[in-house]
Amino acid sequence: MTAETLRIHPDEPEPEHIDAVVRALNAGHLVALPTDTFYGLAVDPVNLRAVDRIYDLKSRARNKPLSLLIAEVAQAYELAREIDFAFDRLAEKFWPGPLTLIVRAGGKLPLRVTAHTGNVALRVPEAPICRAVVARFGLPITATSANLSGHPECTHAASVRDQIGEHLDLIVDGGPTARAVPTTIVDLSGGGNSWMILREGAIPTHEIALALQR
């Protein structure tokens, strides 16, 4: 059975539609929605059964943590520990935006979400739908790309439906995503203001390095 599709305005999300998405998340459902890069798979990260559905659908290795979307920088301080200058500088410069920061996880997140690594990947997206959902939900949501392993990422709701619609409960159609390149991933988990580019994406490495110059 193909997932229900819910059309939401990409720039001015209708509150009643956001409430519908939040109800789906609270029910443990698997939701696809547009981020500022690709469509992503959203679940309640503390609902371990829902988290397992993502790992199963993606055939994702259980030692790979899921990235989380947050609505504002302040949420990162509740979810992470040992945040330092490098995090503050990059978050100030590039959030909201296509930058994923890996930091040491605090004690509020289930170990399964961190894949027992002790780390968590966080991002404040530019996409208004995502931020509205997170703000209304009161918790971060997962954000791994809404595609099968080895298949292309999706920039339209129709592509999500064609590729994995039968495995989802709800697809949020917010139109095409703003970009067709992935986020840049920076690992800050080493502490001491150390940093490492794990994937260069929408933000070039030289811009990261420039932002971290004191």
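Test of understanding: what is the full-extension gain from Glu92 to Glu4, defined as 0.36 nm times their sequence separation minus their Cα-Cα distance?
That pair, Glu92 and Glu4, stretches by 28.0 nm at full extension.
How large is the Kirkwood hydrodynamic radius of segment 53-125, in angstrom, based on all distinct alpha carbon pairs?
One over the average 1/r among Cα pairs gives 12.7 Å for segment 53-125.
Can you check what the net charge comes to around His9, using other residues whose Cβ is under 14 Å from the Cβ of His9 (Lys, Arg +1; Asp, Glu -1)?
-3
With every protein chain left in place, what is the accessible area of Glu14 in Å² (1.4 Å probe, nearest 10)?
My reading of the accessible area for Glu14 is about 50 Å².
Using the Cβ atoms and a cut-off under 12 Å, what net charge is assigned to the surroundings of Leu139, where Lys and Arg are +1 and Asp and Glu are -1?
0
Taking a probe of 1.4 angstrom, what is the accessible area of Ile185 in Å², to the nearest 10?
30 Å²
Return P(r) of segment 1-60 (all Cα-Cα pairs; 10 Å bins starting at 0; whole %; ordered from short to long distances).
Reading upward from the zero bin: 20, 53, 25, 2.
Can you sort Asp84, Asp56 by solvent-accessible area, 1.4 Å probe, largest first?
Asp56, Asp84
Report the net charge of residues surrounding Gly192, where surrounding means a beta-carbon distance below 11 angstrom and charges are Lys +1, Arg +1, Asp -1, Glu -1.
Surrounding charge for Gly192 is -2.
Using DSSP, restrict attention to beta bridges with both residues in the chain and report what percent are antiparallel, rounded to the nearest 5.
If I count the DSSP bridges inside the chain, around 55 percent turn out antiparallel.
Given a 1.4 Å probe and the protein chains all in place, what does the accessible area of His17 round to, in Å² to the nearest 10?
Number for this one is 50 Å².
Taking the Cα centre of segment 1-129 as origin, work out the dipole magnitude from +1 charges on Lys and Arg Cβ and -1 charges on Asp and Glu Cβ, in debye rounded to 20.
800 debye
Based only on Cα atoms, what mean projected area does the convex hull of the chain have, in nm²?
For the Cα atoms of the chain, the hull's average projected area reads 10.6 nm².
Please work out whether segment 83-179 counts as rounded, prolate or oblate from its C-alpha gyration tensor, where a ≥ b ≥ c are the square roots of the eigenvalues and a/c under 1.5 means rounded, while otherwise a/b larger than b/c means prolate and anything else oblate?
prolate
Can you tell me the length gained on complete extension of the stretch Ala178 to Tyr77, counting 0.36 nm per residue apart and subtracting the Cα distance?
Gain in length upon complete extension: 33.6 nm.
In what order, largest first, do Arg7, Arg60 sit by accessible area if the probe radius is 1.4 Å?
So the residues, ranked largest to smallest area, are Arg7, Arg60.
Using alpha carbons only, how many angstrom separate the centre of segment 57-88 from the centre of segment 151-214?
For segment 57-88 versus segment 151-214, the Cα centre distance is 13 Å.
Can you work out the Karplus-derived ³J(HN,Hα) for every residue in segment 142-154? Use 6.51 cos²θ - 1.76 cosθ + 1.60 with θ = phi - 60°, whole Hz, and x for glycine or proline.
6, 8, 4, 5, 8, 7, 7, 4, x, 9, x, 5, 10
Rounded to the nearest 500, what is the 222 nm mean residue ellipticity of the chain from helices alone, with -39500 (n - 2.57) per DSSP H run of 4+ residues and division by all residues?
-8500 deg cm²/dmol
Given the convex hull of the Cα atoms of segment 125-214, what is a quarter of its surface area in nm²?
The orientation-averaged projected area of the Cα hull of segment 125-214 comes to 7.9 nm².
The values are calculated or read from the model by the stated rules, or taken from the named source; none is laboratory data. What you are looking at is a predicted structure, and each value in this text was computed from that prediction instead of being measured. Quick reminder, even Gly has a Cβ in these numbers, built from the backbone with ideal geometry, and neighbours come from all protein chains shown. Calculation scope for accessible area: heavy atoms of the full protein, side chains included, ligands and nucleic acids excluded. Shrake-Rupley method; radii C 1.70, N 1.55, O 1.52, S 1.80 Å.
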